[in-house]
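Okay, so here's the structure we're looking at.
The values are calculated or read from the model by the stated rules, or taken from the named source; none is laboratory data. Only a predicted model underlies this, so the values are computations on that prediction, with no experimental measurement involved. Reconstructed Cβ throughout: ideal geometry from the backbone, glycine too, with neighbour counts over all protein chains shown. Calculation scope for accessible area: heavy atoms of the full protein, side chains included, ligands and nucleic acids excluded. Shrake-Rupley method; radii C 1.70, N 1.55, O 1.52, S 1.80 Å.
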Amino acid sequence: MSAGARERDERGRPQNARPRDELGRPLPRGAAGVPRVPEDLVLPPPEALVEAQRLLDAGMPFHAHEVLEGVWKSCPEDERDLWQGLAQLAVGLTHHLRGRPRGAAVLLERGRGRVA
């Protein structure tokens, strides 16, 4: 693969295959990162909540966001605000832990509004 080229799936869509740290930041190719949440993971809501909580407890809110995002993008329309809000709360925590207070505040407020 040439420098700057991205991995692609069987349909030619770009994938983000670089390893990530516990806060979801990309690491150099070949670095040891934390296990990734599969891009196509969609868990039933009760299982997603358990897994997202496990990831939050482990200090991995970015990964919890990816679990919650899978439910948000596949759930019935009348549940989308709840799941999107939960995913935004996890991203807000990610921004906070990355030292981005302004981004954290924006995402936490958006998530609060959707969950409410």
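Here are the numbers for this structure:
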| quantity | calculated |
| --- | --- |
| Pairs with Cβ under 8 Å, 6+ apart, first in the stretch 25-53 and surrounded by 12 or more Cβ atoms within 10 Å (Cβ to Cβ), second among the polar types (S, T, N, Q) | PRO26/ASN16; GLU39/GLN15; GLU39/ASN16; VAL42/SER74 |
| Counted residues, the stretch 1-60 - those being modelled with pLDDT of 95 or more and either charged (D, E, K, R) or assigned to a strand (DSSP E or B) (or both) | 4 |
| Number of positions in the stretch 95-114 that are touching a Lys or Arg at 6+ places or on another chain (Cβ under 9 Å), in contact (Cβ under 8 Å) with a residue 60 or more places away in the chain and of a type in the set (A, V, I, L, M, F, W, C) | 0 |
| Residue match in the stretch 71-85 (condition: among the hydroxyl-bearing types (Ser, Thr, Tyr), under 21 Å from VAL34 (Cβ atoms) and either open to solvent by 50 Å² or more (accessible area, probe 1.4 Å) or in a helix (DSSP H, G or I) (or both)) | no |
| Checklist (1) in contact (Cβ under 8 Å) with a residue 24 or more places away in the chain; (2) in contact with a Lys or Arg (Cβ under 9 Å, 6 or more places away or on another chain) applied to ALA17, failing item | (1) |
